[in-house]
Structure formats: C-alpha cells, structure tokens
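The values are calculated or read from the model by the stated rules, or taken from the named source; none is laboratory data. Keep in mind that this is a model prediction, so the values were computed, not measured. All Cβ positions, glycine included, derive from the backbone under ideal geometry; neighbour counts span all protein chains shown. Surface areas here come from the heavy atoms of the whole protein model, side chains and all, with no ligands, DNA or RNA. Shrake-Rupley method; radii C 1.70, N 1.55, O 1.52, S 1.80 Å.
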Amino acid sequence: MSMSRRTVIAGAAAAGLTAATAGTARAASGRPVRELFGKLADGTKVYRWSLANGGTRLKVLSYGGIVQSLEIPDRHGRYTNVSLGYDNLAAYVAGTTFFGATIGRYGNRIAKGRFTLDGTAYQLSVNDGENSLHGGAQGFNTRVWDVEGFTSGSDVGLHLYYTSLDGEMGYPGTLRTKVTYTLTRHGDWRIDYEATTDKPTVVNLTNHTYYNLAGEGSGGIYDHELWLAAARYTPTDTGLIPTGELAPVSGTPFNFRTAKPIGRDIRAGHPQLITAKGFDHNFVLDKGVTATPEHVATLRDPGSGRTLKIATDQPGVQFYSGNFLDGTLVGPSGRTYRQGDGLCLETQHFPDSPNKPAFPSTVLRPGQTYRTTTSHSFSA
C-alpha cells in the first residue's frame, strides 16, 4: 500500500470509524466488469466498464471513452465521485460540455476550422462559432469505441480502439487510435494514447474530465488550490484562439507557480478573464515536450483533503474553470451544475498549433506512431 493510502486508513481509524468503513479505502481489485448502460437511437449498445484498484474506482463508457465516474476517498476514507457527468446515455448524447470524454482528433480549437498541411488546405467541421472545437461536431467524444478489459500484473485497465476514416470531420488520413486507461496498484490513473495514419494529418488527443475534489454536485471549486509549473500562457482573441504570444504569468491572475485558490483572482478584471468568463487558457509548461511524464500540476481541496497530481509528457495544459456551466445540467447526484462547479486540466499540445508554426507541431505522418502519456495520482 502506498503511503497516501496508509494515511487514508489511519485517518479513518483516528476518526473512530468502524473497521468495515475504514476498509472501504481499500477498493477491491480484479478484472474489469462490463454492464449495459444504454442504447443509441440506431440500437447500438453502449457499455459501462467498472475498474477498481489501489483505492481508486473508475467507470468508463464505450460511448466517447467517457469517464462517467471517478471515486476516491477523502482524509477519513469516505468515497465520493469527483468527476462531473450524467447518470444516463441520452444526456451524454445531447450534451455539449464534453464531460469526461476522450477528445480527438484534435483537442481544443482550430481557427475557422481551417489549416494547411504540405500545401493542401483542409476545412474541418465547425462547431464553436466559426471555429472547430475538440474534433468537430462528431468528434471522438461521440463515437462508440471497441473496449477490452485487461489485467497486467498488479494493474487493471481498459484498451479502447477507434478508427477514424479519411475525411472524417474534414481531417485527412485514416487514423487508427488506441487509448489505454490503467489503474495501478497505488491507485494512479494513467492514460496512454497511440495513433497511426496512412496520410499526413494532425493529432492532439486529450481527456476532458471535469474535477470537483469535494464531490460531484457539492458546489463550486473556487476554494480548490491549484499549482501549475508554467511561467507562460497563451493569450487568446475573442474567439478563444491563441494570438501566438507566449505571455509571462508573473504579475497576472494566471500565475499559479505558487499554489493558490482558484477563486482568488478569477474576478480580477483582467481582459483575458473577461473574454473567457474565467480561466479557459493553455498554460505553457516549463518542461516542454519530454520523453516521459513529469509532474506539472497539483490540485487540492482543503475541505476533504483530496489531492490530485498530474504528470504528462505534453507541452501544455488547458485550465478551464467551468465558465459555461449554466445551471441547466443535472448530475448523478440530482444537483445542477452552475458556473465554477467543476474544472478541467487537459494535457495537450497548444490550441491552433496547425496554424501557428512557432508552436510545437501536431503533425503525424505515415510510418510514425503518435504516443503520449498522462498520469493522475490521488492522495488525501
């Protein structure tokens, strides 16, 4: 058992909980379990897969590779779901918030849905004003993935497969994609992305889980403390497309180089915060692109003691503070989601990279394999 899990068990005992209750912090492990979650209008079955290992519980849908539930214990060993979402398939199909989804082919925005590669211009599906967002109107978040459960030593997980045909949403090349979700014996949740293509294309895969470490439906995240290893960020225009500038965070509300509550500066009146209605910006990680994942972000809820640490090999992370949650969406708890009730930390290459030669490239060519890894570690 990792030290963080020992801390949870000890905390539960100190609180006078019964041995049985304290034992819930040792979530049972074993092969992934599949159950029917619903059917699409055309009769396609959508399954929910359940994983548990090392004190973490994860539920994933074959529709969109969506993380439907992520349960971790607080400092007293009490579990709750810390990811926003729905309790039914129809809400995911109708939704536009990308709750928990696997994002592709291209995470974040591409200006006017256009880019040029090797002298050929491509027009993508436009679904965010005049821009393309998260792969277009029918991105990977709307596709039914083939899923296989696995165990490997002390790890358990899922392999998810989807083949995006040449021309889908305007992207060139047939892209064969594999995403692996792994829960380790320490309760870490690792995501490994792989993709190959038969034509030059652009790829930027990520995950769009909304976190609230106090618990889904519990209210706002403005008292969560966030640390980011980023001395620069990419300012945007009114359409939330990066201008191309790599601006210093020093002296601005975007400085999370020392951990601080998210709500401290969110209403500071900075023009970028006014445009985005909060934080919705790519942070330029100090480490750049790395061969292996490095720790780049820490999120902590002081009330529950839950802490999330993120490590990635990607050069950026999009911090989105749930600005467009408007009180019309109802989560599994039966409570509605309002502005700031969840946040995203999407590891990625920078938005609009295909149109910004100075940004790290997202081009994938035949014979190459796109590989990237992001890991999430939990403690209390």
> Looking only at residues in the stretch 323-337 that are in contact (Cβ under 8 Å) with a residue 60 or more places away in the chain and farther than 17 Å from Asn81 by Cα, which one is most open to solvent (accessible area, probe 1.4 Å)?
Replying inline: Phe324
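Go over the candidates Pro261, Pro235, Pro253 one by one and state the one that is surrounded by fewer than 17 Cβ atoms within 10 Å (Cβ to Cβ) and either aliphatic (A, V, I, L, M) or modelled with pLDDT of 95 or more (or both).
Numbers: Pro235 fails: surrounded by fewer than 17 Cβ atoms within 10 Å (Cβ to Cβ); Pro253 fails: surrounded by fewer than 17 Cβ atoms within 10 Å (Cβ to Cβ).
The match here is Pro261.
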>> So Gly187 passes all but one of these: (1) buried (at least 23 other Cβ atoms within 10 Å of the Cβ); (2) not in a loop (DSSP other than H, G, I, E, B). Which condition number does it fail?
In response: (2)
> Within the stretch 222-232, restricting attention to residues that are out of contact with any Ser or Thr (no Cβ under 7 Å at 6 or more places or on another chain) and within 30 Å of Arg335 (Cβ to Cβ), which residue is surrounded by the fewest Cβ atoms within 10 Å (Cβ to Cβ)?
Replying inline: Asp223
> Which ones in the stretch 118-148 are open to solvent by less than 20 Å² (accessible area, probe 1.4 Å), in a strand (DSSP E or B) and touching a residue at least 40 places away in the same chain (Cβ under 8 Å)?
Replying inline: Asn131
>> Test of understanding: among Gly77, Gly23, Gly55, Gly30, which residue is at pLDDT 95 or above and either in contact with a strand residue (DSSP E or B) (Cβ under 9 Å, 6 or more places away or on another chain) or surrounded by fewer than 24 Cβ atoms within 10 Å (Cβ to Cβ) (or both)?
In response: Gly55
>> The conditions are (1) outside any strand (DSSP E or B); (2) closer than 16 Å to Val67 by Cα, and Ala230 fails exactly one of them. Which is it?
In response: (2)
